[in-house]
Each structure stands twice: as C-alpha cells, then as structure tokens.
Amino acid sequence: MSAASLRALLDQAIDYAGMFPPCALALEPALRNQASYVRSPETWMLNGFVLPVGQFDASTQFFSEFDSQHRLRVAALGPKTTNADAFLDGVANAATAIRSFSRYDTAVVSISHLEMFLPDDVDSACLKEASVISGELPVFWEAPPEAAEQTIALIAGHNSDEDTATFGYKLRTGGVTADAFPTSAQIARALVAAATQQLPIKFTAGLHHPIRQFRDEVKTKMHGFLNVLGAAVLAVEHRWNADQAVTMLDDEDPRSFSFTDDFFSWRDWKIDIERLQSRREFVKSFGSCSFDEPRDDLRALNLL
C-alpha cells in the first residue's frame, strides 16, 4: 500500500494525453488504454482523458468500453487560436461541442474541465465574454511560461470579479525537444504567483518521471512531477519565494522526498495530510502522454 501522503499528492493528478507527442496514439488505442487504466489498481492517480473537442463525435463509438464503475472523465481541449476574435469563436465552438457531449449518460461519461490556449491580445473584457460563453465549467487557460505571471494576474483579476471562480492557469512544462522545457526559475515564478493569488494551476507535457533527471531522448533535464507538484503545494503552504521553489525543482535526489501516512516532506519542509489535501484544491493535475512511465518509475523508487 502506498503511503497516504503520496496518495494525497497524486490523487487524480494525471490527465492521460496518449493522443499527443511523443506517444501520439490514434483515438481508438488511446481510449482503449484509458479503459484499461480506469480498471487498474492505480486508477486513483488518473484524472481526465485529454480529448480535443474536434474528436468528441468520433469518440462516442468507444463509450461502450466504460461503465458507471469505470467512468470516462474527459479533459476537453479547445482549439489553439492566435487572436482574441478567433479565441472567442473557439470558446463558443468548444461550448457547443461540450453541450452536445453532455447528452450522453453522465454516469458513464463526463467532462471535468476545458483547457485552451490564451492568445496575447486577450484582455479582461475578452475573458469576461469567454466566461459567459463557457458557463460554470472549470477552464484552464494556457499561456507561455514567460508570460505566466502576467497571465495569472489577469485570470486572478477576472476571478475576483466573479461570483464563481472557474478559471485557472495551465503551464507547459516540457515537450519533445530541449527548447520546449521552461527553466526551473520560470516554473517557480508561476508556482509562487499562483500560490499568492490562490489561483488553480495545472501542468502539461514533460512530466513523465517523478524526479528531475537528464533524459537522452530530449537532450536536456526533464522536470519531475514530484518536484513540480510538491513545490506547488509547499510554496502555497509555506509562502515560499521563487528562489526556494527553484531549489526544490532542481533537486535530483529521490532521498530528499519522504512520504509517510502522516506527512509529505522535502528535506526539512513538510506538510501534513489534511493540509496537503486542502492545497491540492489549487494544484490540480498534469497532462502526460504516458500513464505507464509515471507508475513504473514510482515502483522503481519503492513508492508505489
């Protein structure tokens, strides 16, 4: 049995993105993988299946793979647009697809949230219009790491004016080439900004492995998901500055990370189970094209 603190940190933490690089599976094998994963002993780690809204109709033929005990939860991915006008059209199209999707049996299939790229020229008025279109479904807006702090401030400003804060920020943490990986300092600034604003944050790409390490396939160091998720919860719990977060993000020693049934700790910093579960309300999940690599690596570390 995994330690309770590991389960708290990784509860519904992985959005399976098998259709995206480097795995880049077709829809059918990716959904069949998901159907297998929701029946696995580690299903507690699984969150949504990342599905572009343009593939909603094609996906329906595979719904029979799921049932009320083994549900398909979808992380809807909207289109990537380049300007505010196209962005609002994309939000409207995604909202229409989501409403149509909702006619299926929600005991078997549901949508957890929408993710969509935020063009540079989107302002607070545009976000306000997008919120009217998207309704109450949680949405995570992605912007490049170098724009993270200003984007987080924009989203947080919008949320403060709304009765229901449904918007969060999505940070890209890697890719298939070295230049796709943000620096630890960029990630740290995003974590601290989100923590300060109490803004939900999620991550995507490059987090296949628990601990930061050099990987020959991308010719650079990949960020570890225990580093990133752990730094996110500890940053908000202990009001870290960015420099402290960088230190944890750069740590490549698995022995620095400790999981017990009472606490999660990194070096001398710790957080108890109840506080960890509370902080996870703001530290949501990360997208990974593999659900096997994270589990295999956790087993190799004797954590799973």
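Side notes on the structure shown:
- So Pro21, is it in contact (Cβ under 8 Å) with a residue 12 or more places away in the chain and open to solvent by 20 Å² or more (accessible area, probe 1.4 Å): yes
- A search for C-beta distances below 7 Å between a residue of the stretch 244-266 that is modelled with pLDDT of 95 or more and open to solvent by 20 Å² or more (accessible area, probe 1.4 Å) and any residue that is part of a strand (DSSP E or B) and among the charged types (D, E, K, R), counting only pairs 6+ apart in sequence or on different chains, returns Asp262/Asp272; Phe263/Lys270; Phe263/Asp272.
- Every residue from the stretch 58-76 that is in a strand (DSSP E or B), touching a residue at least 40 places away in the same chain (Cβ under 8 Å) and open to solvent by 20 Å² or more (accessible area, probe 1.4 Å): Asp67
Residues are listed down the side, and each one gets a yes or a no for (1) assigned to a helix (DSSP H, G or I); (2) among the polar types (S, T, N, Q):
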position: Ala86; (1), (2): yes, no
position: Val91; (1), (2): yes, no
position: Ala107; (1), (2): no, no
position: Leu127; (1), (2): yes, no
position: Ile133; (1), (2): yes, no
position: Leu137; (1), (2): no, no
position: Gln150; (1), (2): yes, yes
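- Residues that are among the aromatic types (Phe, Trp, Tyr) and in a loop (DSSP other than H, G, I, E, B) were ranked within the stretch 267-304; the one that is surrounded by the most Cβ atoms within 10 Å (Cβ to Cβ) is Phe291.
- The stretch 5-18: number of residues that are in contact with a Gly (Cβ under 9 Å, 6 or more places away or on another chain) and surrounded by 18 or more Cβ atoms within 10 Å (Cβ to Cβ): 5
- Test: residue in the stretch 217-238 that is touching a Lys or Arg at 6+ places or on another chain (Cβ under 9 Å), of a type outside the set (Ser, Thr, Tyr), assigned to a strand (DSSP E or B) and over 22 Å from Leu301 (Cβ atoms): no
The values are calculated or read from the model by the stated rules, or taken from the named source; none is laboratory data. For clarity, every value in this text was computed on a predicted model and none was experimentally measured. Every residue, glycine among them, receives a Cβ derived from its backbone with ideal geometry; neighbour counts consider all protein chains shown. Surface accessibility is based on the protein's heavy atoms, side chains included, excluding ligands, DNA and RNA. Shrake-Rupley method; radii C 1.70, N 1.55, O 1.52, S 1.80 Å.
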